[in-house]
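Working notes, beginning with the structure itself.
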Amino acid sequence: MGGSIGVSLKRKEDERFIRGDGRYTGDIVLPAQTYALFLRSPIAHARIRSLSVAKATAMPGVVGVFTGEDVAAAGLGGVPCGWLVTDRNGQPMAEPPHPLLVTGKVRHVGDTVAMVVAESIEQARDALEAIEIDYEPLPAVTSPVAALEPGAPKVHDELPSNLCYDWEIGDKAAVDAAFARAARTARVELVNSRVVPNAMETRAANAHWDATSDACTLYMTSQNPHVIRLLMGAFVLHIPEHKLRIIAPDVGGGFGSKIYHYIEEALVTWASRTLRRPVKWTAERTDAFLTDAHARDHVTTAELAMDRRGRFLALKVDTTANLGAYLSTFAPSIPTYFYALMFSGQYATPAIHARVRAAFTHTTPVDAYRGAGRSECMYALERVVDAAAREMGLDPAEIRRRNFIPEDGFPFHSPVGVVYDSGAFAKALDMALEKADWKGFEARRKTSRKAGRLRGRGIACWIESSGAAPSAAVTALGCRAGLFEAAKIRVHPTGSVTLFTGAHSHGQGHETTFAQVVADKFGLSVDQIEVVHGDTATVPFGMGTYGSRSMAVGGGALALTADKVIEKGKRIAAHILEASVDDIVFENATFKVAGTDKELGWVQMSLAAHVPANYPLDQMEPCIEETTFYDPPNFTFPNGVFVCEVEVDPDTGKVAVEKLVGIHDVGIAINPMIVEGQMHGGVAQAIGQCLLERVAFSEEGQLLTASYMDYCLPRADDVPSIDTALNEVPCVHNPIGVKGAGEAGTTGAPAAIINAVIDALAPLGIRSIDMPATPEVVWKAIRDARAAEAA
């Protein structure tokens with residue numbers, strides 16, 4: 001109605017960020033502020049022989065020192081896990097406790113032993129160094145495969161082994177039968193390397209317990225304040241929810257790492273209540289490397305069976321996933337339901353079977369990171385599809401085209417239980433090939449060869465599940481919460497509008513795009529609309545932002561709420577214009593009586609709603625404030641195609657991404673410019689994982705990449721100009737037709753990049769390389785290939 005959807009408006013929130021006027025948790029300093037620091041274990045696996053905090057307690061400025069014994073005496077709970085996975089034998093996963101402060105034994109470098117609270121950070125740091133602790137080092141295991149071998153050092157003594165679950169999905173018998181009759185098969189063995197999310201703003205928490213109300217306000221870096229309030233209040237601190245307020249102000253990036261409930265936010269809240277002082281903690285960057293939930297870390301074998309024409313008959317996947325030392329909030333679901341349920345990809349593969357074994361190791365816990373599960377899935381799938389193209393002697397684009405789900409094949413019921421509602425996969429591939437000049441590649445390859453370089457190209461046709469499935473469906477799969485979203489719209493007397501959303505913005509541009517959705521519904525300017533989020537005392541109970549759910553679920557809730565507002569406006573207009581409600585039409589911010597010149601403008605209607613002089617109050621309440629809790633009927637399924645070209649310097653092993661094209665079906669793009677920005681950000685992170693980033697542990701479990709000195713993030717010259725376009729196919733069940741956009745880059749680009757690297761190295765006989773394809777890794781692969789050829 002208002003023409004706001006599909007318009008590339010500049011982000012409203014950017015002005016305050018550019019001017020330095022954003023308000024982050026780190027900016028908040030409260031009266032009588034104190035500061036917390038944590039004693040982290042420097043050893044991956046050890047018994048605590050002794051622990052003394054006497055000297056630290058006596059240090060100048062120290063307000064309190066707390067250990068695991070204090071936590072136990074206070075009756076606090078451990079950090080809960082939000083998803084229960086049942087294994088292939090019907091048994092629940094192993095779920096060991098995750099203590100706030102450990103006693104007895106540490107299980108990874110960074111495991112937290114004590115907390116110091118002091119008048120200043122410097123005094124807290126001095127006191128931390130005064131804590132006396134004696135460790136007895138024990139053998140450690142960091143590889144998930146090694147952790148499941150007989151005799152491996154156990155992470156949790158009370159468990160029979162390091163196995164958390166052995167899970168499967170699909171029809172194994174049908175897959176085995178298809179492989180038995182296949183004309184050709186392809187196989188890849190790969191590692192999806194562990195990465196650390198790196199947001200601009202590290203995690204932070206500042207708790208203030210008010211003695212007058214006996215209630216706490218916690219400012220923190222969170223993607224989902226209501227979920228944190230629920231987990232922390234009910235399961236850890238045992239605080240009634242009305243006594244706990246969570247405020248997540250401006251948050252400088254999350255990428256998944258700020259979804260989870262961490263020990264620090266619970267401990268500063270408890271300490272504030274205990275000390276009757278505000279307690280603040282801000283992670284240093286090494287804190288983040290040690291304690292933010294890591295991601296990926298899969299070891300996978302994928303096999304694809306084909307007929308003589310290269311049509312896919314069956315796919316089987318075997319994955320060992322690393323969960324780290326403890327179960328993070330959503331960790332069990334990432335290698336299972338967010339991973340294996342997407343192995344159909346864009347293809348009409350008749351039979352699929354996936355088995356996943358998840359292991360505890362002496363490493364930082366692992367959870368979701370941008371594209372969680374779906375990124376790992378698409379990487380494995382698109383790697384094996386490329387291997388299948390080589391096995392069949394087919395062009396990588398052609399083998400994909402032969403196996404696409406056709407446009408008239410929707411709704412598509414996949415062999416692993418998901419139902420795709422819509423898509424135009426062949427069209428997206430055609431768009432990508434044209435944009436990438438696929439036919440002109442060989443000329444560019446020859447030019448690179450003349451310059452002494454190796455050039456390769458790669459494709460990835462990706463699809464992911466976004467938003468959230470119905471709460472009934474996900475709870476049946478083990479989710480211990482609903483995944484609905486909430487929205488409230490308040491219309492003010494002068495016609496301006498305030499939106500309250502349970503979603504949280506930490507870089508996505510919600511203050512702009514959410515305003516665009518409602519502005520379009522009402523026929524208003526986005527400047528007339530304010531978006532409020534991030535405060536559990538202000539917004540209705542919502543599930544937050546992750547999994548590209550903000551617009552698909554949060555925006556859906558807003559659209560439905562806007563419809564309620566319009567319906568009430570029609571009743572008000574009908575009363576004032578003395579007409580039947582059925583005769584009122586609404587367009588361009590005006591309520592009209594059909595077939596007449598009688599009308600009532602938006603502002604007049606809004607004012608009338610607040611001045612109900614002659615309302616029939618038995619039929620209609622004054623004012624306009626509507627709320628919706630939207631529980632979606634299905635996932636949405638964003639999809640698309642990436643085409644990548646790389647150039648490899650064989651003398652140094654350096655890989656340069658020369659060209660990267662992305663075609664994206666995000667459903668209806670509310671703001672194409674913001675969608676493009678999301679794509680660019682995701683691709684940059686994909687380049688980081690593919691070519692630069694890797695978490696490395698020593699045999700003893702030491703984190704060797706605990707700072708930017710050792711962990712390499714992409715810089716501007718590592719990221720090429722990214723050429724994107726939209727292939728908009730509306731979601732048929734979403735109120736505004738959207739599918740999600742935030743995780744496309746990390747879901748689809750990794751396979752395209754690594755496929756391109758392998759294609760560049762193929763003339764040397766190299767058929768596989770794992771992430772990250774650093775210069776050292778590539779150079780060694782080239783050296784070994786040349787040595788083998790010479791032999």
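Check VAL419 against each of (1) crowded, with 18+ Cβ neighbours inside 10 Å; (2) under 30 Å from ALA368 (Cβ atoms) and name the one condition it does not meet.
Failing condition for VAL419: (1).
Report, by residue number, each residue of the range 38-57 that is in a loop (DSSP other than H, G, I, E, B) and among the aliphatic types (A, V, I, L, M).
Scanning the range 38-57 gives ILE43, ALA44, VAL53.
What are the pairs with Cβ atoms under 9 angstrom where one residue, in the range 8-37, is part of a loop (DSSP other than H, G, I, E, B) and surrounded by 11 or more Cβ atoms within 10 Å (Cβ to Cβ) and the other, located anywhere, is at pLDDT below 95 and among the polar types (S, T, N, Q)? Sequence gap at least six, or different chains.
Listed pairs, sorted by first residue: GLU13/SER505.
Consider ILE246 against the criteria (1) within 28 Å of ASN198 (Cβ to Cβ); (2) outside any strand (DSSP E or B): it satisfies all of them except one. Which criterion is unmet?
The one condition ILE246 does not meet is (2).
Take the range 489-527 and flag every residue that is basic (Lys, Arg) and either surrounded by 22 or more Cβ atoms within 10 Å (Cβ to Cβ) or in the same structural domain as ALA744 (by TED's automatic domain parsing) (or both).
Scanning the range 489-527 gives a single hit, LYS521.
With (1) without any contact (Cβ under 8 Å) to a residue 60 or more places away in the chain; (2) surrounded by fewer than 24 Cβ atoms within 10 Å (Cβ to Cβ); (3) touching an Asp or Glu at 6+ places or on another chain (Cβ under 6 Å) as the list, and ARG355 as the residue in question, which single condition is left unmet?
The one condition ARG355 does not meet is (1).
Condition check ((1) crowded, with 19+ Cβ neighbours inside 10 Å; (2) in contact with a Gly (Cβ under 8 Å, 6 or more places away or on another chain)) across all residues:
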position	(1), (2)
PHE697	yes, no
CYS731	yes, yes
GLY742	yes, yes
SER768	no, no
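Residue by residue, here is whether (1) closer than 25 Å to ALA469 by Cα; (2) in a helix (DSSP H, G or I) holds:
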site: PHE514; (1), (2): yes, yes
site: VAL517; (1), (2): yes, yes
site: ASP520; (1), (2): no, yes
site: LEU524; (1), (2): no, no
site: VAL539; (1), (2): yes, no
site: MET543; (1), (2): yes, no
site: TYR546; (1), (2): yes, no
site: MET551; (1), (2): yes, yes
site: GLY555; (1), (2): yes, yes
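Identify, please: which residue in the range 716-729 is in a loop (DSSP other than H, G, I, E, B) and more than 22 Å from the chain's Cα centre (by Cα) and is, among those, surrounded by the most Cβ atoms within 10 Å (Cβ to Cβ)? First the steps, then the outcome.
Of the residues in the range 716-729, the ones in a loop (DSSP other than H, G, I, E, B) are 719-721, 727-729.
Restricting the remaining residues to those that are more than 22 Å from the chain's Cα centre (by Cα) gives 720-721, 727-729.
On the way: PRO720: 16, SER721: 8, ASN727: 20, GLU728: 17, VAL729: 24.
Ranking the candidates gives VAL729 first.
Here is a check on your reading of the model: is PRO622 of a type outside the set (D, E, K, R), at pLDDT below 95 and within 44 Å of the chain's Cα centre (by Cα)?
Working: of a type outside the set (D, E, K, R): yes; at pLDDT below 95: yes; within 44 Å of the chain's Cα centre (by Cα): yes.
The answer is yes for PRO622.
Would you list the strands (runs of 3 or more DSSP E) that sit entirely within the range 92-189 and hold 1 or more residues that are among the charged types (D, E, K, R) and more than 26 Å from the chain's Cα centre (by Cα)?
Once the strands (runs of 3 or more DSSP E) in the range 92-189 are filtered for at least 1 residues that are among the charged types (D, E, K, R) and more than 26 Å from the chain's Cα centre (by Cα), what remains is 132-137.
Please go through (1) in contact with an Asp or Glu (Cβ under 7 Å, 6 or more places away or on another chain); (2) not in a helix (DSSP H, G or I) for ALA751 and return the number of the only condition it doesn't satisfy.
Among (1) in contact with an Asp or Glu (Cβ under 7 Å, 6 or more places away or on another chain); (2) not in a helix (DSSP H, G or I), ALA751 violates only (2).
Go through (1) under 20 Å from GLY502 (Cβ atoms); (2) surrounded by fewer than 18 Cβ atoms within 10 Å (Cβ to Cβ); (3) touching a residue at least 60 places away in the same chain (Cβ under 8 Å) and name the single condition ARG181 misses.
Result: ARG181 passes all but (1).
The values are calculated or read from the model by the stated rules, or taken from the named source; none is laboratory data. Remember, it's a predicted structure, so these values are computed and weren't measured experimentally. As a convention, Cβ positions derive from the backbone with ideal geometry for all residues, glycine included, and neighbour counts pool all protein chains shown.
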